[in-house]
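Participant: Before I ask anything, here is the structure I am working with.
The values are calculated or read from the model by the stated rules, or taken from the named source; none is laboratory data. Worth saying up front: this structure is predicted, and the values here are computed from it rather than measured. Positions of Cβ are generated from backbone atoms using ideal geometry, with glycine treated the same way; all protein chains shown enter the neighbour counts.
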């Protein structure tokens, strides 16, 4: 459900700038930052890089980009 939210104009300018580089919409960039922020608050011991990799792995799994891991294979 889409909903309008008022945010600081400096944040909007920053989000627009990063969104352009990351090929996201303004809303997509703010959602991205919110997702990372929520994950960071819920997992304060995890560094940003770990949170990013976890979110990337989840997105890959959601899109079927995973292979079954078999223990002992390839040894």
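Participant: Kindly indicate whether any position in the stretch 21-33 is outside any helix (DSSP H, G or I) and either at pLDDT below 95 or surrounded by 10 or more Cβ atoms within 10 Å (Cβ to Cβ) (or both).
Facilitator: Just the residues of the stretch 21-33 that are outside any helix (DSSP H, G or I), to begin with: 23-25.
Still in the list and also either at pLDDT below 95 or surrounded by 10 or more Cβ atoms within 10 Å (Cβ to Cβ) (or both): 24-25.
Yes, because at least one residue in the stretch 21-33 is outside any helix (DSSP H, G or I) and either at pLDDT below 95 or surrounded by 10 or more Cβ atoms within 10 Å (Cβ to Cβ) (or both).
Participant: Oh, and also: Would you call residue 2 surrounded by fewer than 11 Cβ atoms within 10 Å (Cβ to Cβ), under 19 Å from the mean Cα position of the chain (by Cα) and assigned to a helix (DSSP H, G or I)? Let's see the steps before the verdict.
Facilitator: Working: surrounded by fewer than 11 Cβ atoms within 10 Å (Cβ to Cβ): yes; under 19 Å from the mean Cα position of the chain (by Cα): yes; assigned to a helix (DSSP H, G or I): no.
So residue 2 fails the test.
Participant: Within the stretch 57-69, is there a residue that is out of contact with any strand residue (DSSP E or B) (no Cβ under 9 Å at 6 or more places or on another chain), surrounded by 12 or more Cβ atoms within 10 Å (Cβ to Cβ), outside any loop (DSSP other than H, G, I, E, B) and free of Cβ contacts under 8 Å to residues at least 40 places away in the same chain? Spell out the reasoning first.
Facilitator: Applying the first criterion (out of contact with any strand residue (DSSP E or B) (no Cβ under 9 Å at 6 or more places or on another chain)) to the stretch 57-69 yields 57-69.
Filter once more, so that each one left must be surrounded by 12 or more Cβ atoms within 10 Å (Cβ to Cβ): 57.
Imposing the further condition that a residue be outside any loop (DSSP other than H, G, I, E, B) reduces the set to 57.
With free of Cβ contacts under 8 Å to residues at least 40 places away in the same chain added as a condition, the list becomes 57.
Looking for residues that are out of contact with any strand residue (DSSP E or B) (no Cβ under 9 Å at 6 or more places or on another chain), surrounded by 12 or more Cβ atoms within 10 Å (Cβ to Cβ), outside any loop (DSSP other than H, G, I, E, B) and free of Cβ contacts under 8 Å to residues at least 40 places away in the same chain, one finds at least one in the stretch 57-69, hence yes.
Participant: Residue pairs, Cβ under 7 Å, 6 or more apart or interchain, first in the stretch 11-32 and touching a residue at least 24 places away in the same chain (Cβ under 8 Å) and at positive phi, second exposed (fewer than 13 other Cβ atoms within 10 Å of the Cβ) and in a helix (DSSP H, G or I). List them.
Facilitator: none
Participant: With exposed (fewer than 10 other Cβ atoms within 10 Å of the Cβ) and assigned to a helix (DSSP H, G or I) as the only criterion, which of 49, 40 stands out? It would help to see each step written out before you state the result.
Facilitator: Details: 40 fails: exposed (fewer than 10 other Cβ atoms within 10 Å of the Cβ).
Going through 49, 40 in turn, just one is exposed (fewer than 10 other Cβ atoms within 10 Å of the Cβ) and assigned to a helix (DSSP H, G or I): 49.
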